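See below for the structure under consideration.
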Amino acid sequence: GAAGAGHRGYVADDLAVLVLDGHRMIGPVLGEVRDRLLAAPAVGDAEALEGGCDPYEPGLIRLRGTGGFVRLPVFQFAPDGGPRAVVREVNLLLGADRDPWGAADWWLSTDPGLGRVPAGLLGGPDEGRLLPAARSRAAG
């Protein structure tokens, strides 16, 4: 959110996000999380289609940014442009369809059990640790 004038940390941009974009990632705390998640590398629906992926495929995180534009974080896609199987499985486990912001936050924040940002393990030797860590998160 924008700095400066507001009421209890809420600014005019927060109202626009709530009303126009339809999610509650607003305010002095969640607004900062929203901005951080939207700043991660992402593609829009058209770019995902061009890469050979259905952007509406179940198990993909779709974040609605300013003005209603949908962004799909790029960590979800393999180098060939298709969705990574482990990402889809984890996203379904984390309920990304109901809470895409929570799922994106898990992928893009340091997980205490992993000691790293989960998205950073994709394609590496520790990728197998992602599903158990997500199961732990979903159970907790």
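The values are calculated or read from the model by the stated rules, or taken from the named source; none is laboratory data. These figures come from a predicted structure and were not determined experimentally. Note that each Cβ is placed from the backbone with ideal geometry, even for glycine, and that neighbours are counted across all protein chains shown. Protein only, heavy atoms only, side chains kept; ligands, DNA and RNA dropped before computing areas. Shrake-Rupley method; radii C 1.70, N 1.55, O 1.52, S 1.80 Å.
What Kirkwood hydrodynamic radius, in Å, does the range 71-140 give when the mean of 1/r is taken over all pairs of distinct Cα atoms and then inverted?
Result for the range 71-140, one decimal place: 12.0 Å.
From largest accessible area down, sort 93, 37; use a 1.4 Å probe on the protein chains. List each step's numbers first, then the result.
Details: 93 70, 37 5 Å².
Reading off the accessible areas and sorting them downward yields 93, 37.
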Per 5 angstrom bin, beginning at 0 and ending with the bin that holds the maximum distance, the Cα pairs of the range 47-86 fall in percents of 5, 25, 34, 22, 9, 3, 0
If every Lys and Arg gets +1 and every Asp and Glu gets -1 at its Cβ, then about the Cα centre the range 26-140 yields a dipole, in debye to the nearest 20, of 340
